[in-house]
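Okay, so here's the structure we're looking at.
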Amino acid sequence: VDHNPPSAATAQLFSAFHQKGSIDKWKEAMSFYNRPGMEVHQFALGIGFGSIFTKFTTINGALLHIFSPDSGIGKTTALYAGASIWGDPKKIVLKETDTAASKMNRAELYNNVFLPMDEVTNSPAKDLSDFVYQYTAGSQKNRMSGSSNQERTRGDQVWQQSGVSTGNTSIMEKISTYKALPKGEAMRILEVRAKPVPGLDKVETDELSNKILTNYGHAAIPFLQYVMNDIDGIKALYKSTQFKLDQMCNFGPDARFYSVLAADGIMGLMIAKRAGLIDYDIKPV
């Protein structure tokens, strides 16, 4: 493992991608999700791992949106769990108050690492529509400079990643208040309504949150090393997994974003399990 010196663009985020606590305590926290009824949470964690595999596809950005009008479902905690793979969840997860431009900047900086965004459906409908198109296009918006008749310099990176967002309502439902039949956006977002999981108590969920916020950043290196040791084999497994999912779900060319999200999530879980980081039964997911 070599030190990677920061660039001007990445220096601001170096404090987010570090380790705290222990990998054993982190694994304990992730085992909380290993129960029936938490398949959506497991899938979100799978995308936290598997977003990097988007690089094996022609898609730039695809979005999983988890929504529920109820509180206490664990939507935000699932985002934090995915972020804890890489570093400090409080710094990696984007908040409701963060601007659309800052979210696009983070997408560019994260590049292949997944983009977690909390409470996005509090944005106006038109802003959500614009966000969906720009995020899935994979590049920053072109803008003019405020002081001269020149285009402003924008990042030269095109990202390829999966994002996970949460909200109290469906993004498509919100966009439908702005325009009728928003099919273009609908094909770029996979939406899942989260439901209450019976049998959870507050002591358990409080302990989960505390473990995630005090144990993070340990899973990324063993996960990436497992991938790097057999890139060709992982690529082949990704393609075969995606093909099987496409057949099972009857995904055609118009469902290419769904296809990548499904493959990223399931592959993320499969490889994390092979690397000894989780022990979920993936079939229910």
### Query
When both residues are 6+ apart or on different chains and their Cβ atoms are under 8 Å apart, which pairs have a first residue that lies in the stretch 110-124 and is under 16 Å from residue 100 (Cβ atoms), and a second that is assigned to a loop (DSSP other than H, G, I, E, B) and of a type in the set (Val, Ile, Thr)?
116/93; 117/93; 118/93; 121/169
### Query
Looking at the stretch 1-26, which of the residues that are open to solvent by 70 Å² or more (accessible area, probe 1.4 Å) and outside any loop (DSSP other than H, G, I, E, B) is farthest from residue 221 (Cα to Cα)?
12
## Note on the structure
Counted residues in the stretch 200-248 being of a type in the set (Ser, Thr, Tyr), within 27 Å of residue 87 (Cα to Cα) and open to solvent by 40 Å² or more (accessible area, probe 1.4 Å) come to 4
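Residues are listed down the side, and each one gets a yes or a no for (1) under 26 Å from residue 88 (Cα atoms); (2) at pLDDT 95 or above:
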{"site": "172", "(1), (2)": "no, no"}
{"site": "199", "(1), (2)": "no, no"}
{"site": "203", "(1), (2)": "yes, no"}
{"site": "226", "(1), (2)": "yes, yes"}
{"site": "254", "(1), (2)": "no, no"}
{"site": "261", "(1), (2)": "yes, yes"}
{"site": "275", "(1), (2)": "yes, yes"}
### Query
If you check residue 279 against the conditions, is it out of contact with any Leu (no Cβ under 9 Å at 6 or more places or on another chain) and at pLDDT 95 or above?
yes
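Can you name every residue in the stretch 135-164 that is over 12 Å from residue 107 (Cβ atoms) and modelled with pLDDT of 80 or more?
As a first pass, look at the stretch 135-164 and keep what is over 12 Å from residue 107 (Cβ atoms): 142-154, 156, 164.
Passing the criteria: only 164.
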## Note on the structure
Flagged pairs (Cβ under 6 angstrom, 6 or more apart or on separate chains; first in the stretch 16-31, closer than 15 Å to residue 78 by Cα and in contact (Cβ under 8 Å) with a residue 12 or more places away in the chain; second assigned to a loop (DSSP other than H, G, I, E, B) and of a type in the set (A, V, I, L, M, F, W, C)) are 30/278
### Query
What about residue 251, is it under 20 Å from residue 56 (Cα atoms) and either basic (Lys, Arg) or open to solvent by 80 Å² or more (accessible area, probe 1.4 Å) (or both)?
no
### Any hit, the stretch 63-73, residues being in contact (Cβ under 8 Å) with a residue 40 or more places away in the chain and assigned to a helix (DSSP H, G or I)
no
### All positions within the stretch 55-78 that are open to solvent by 50 Å² or more (accessible area, probe 1.4 Å), among the charged types (D, E, K, R) and either under 20 Å from residue 208 (Cα atoms) or touching an Asp or Glu at 6+ places or on another chain (Cβ under 9 Å) (or both)
70
#### Entry: Positions within the stretch 79-96 being of a type in the set (Val, Ile, Thr) and open to solvent by 10 Å² or more (accessible area, probe 1.4 Å), in sequence order
none
#### Entry: Residue check, residue 276 among the small types (Gly, Ala, Ser) and crowded, with 17+ Cβ neighbours inside 10 Å
no
### Query
over 22 Å from residue 13 (Cα atoms), in a helix (DSSP H, G or I) and in contact with a strand residue (DSSP E or B) (Cβ under 9 Å, 6 or more places away or on another chain), is that true of residue 42?
no
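The values are calculated or read from the model by the stated rules, or taken from the named source; none is laboratory data. Just so we're clear, the structure is a prediction, and the values are computed from it rather than from any experiment. Every residue, glycine as well, gets a Cβ built from its backbone with ideal geometry; the counts of neighbours run over all protein chains shown. Surface areas here come from the heavy atoms of the whole protein model, side chains and all, with no ligands, DNA or RNA. Shrake-Rupley method; radii C 1.70, N 1.55, O 1.52, S 1.80 Å.
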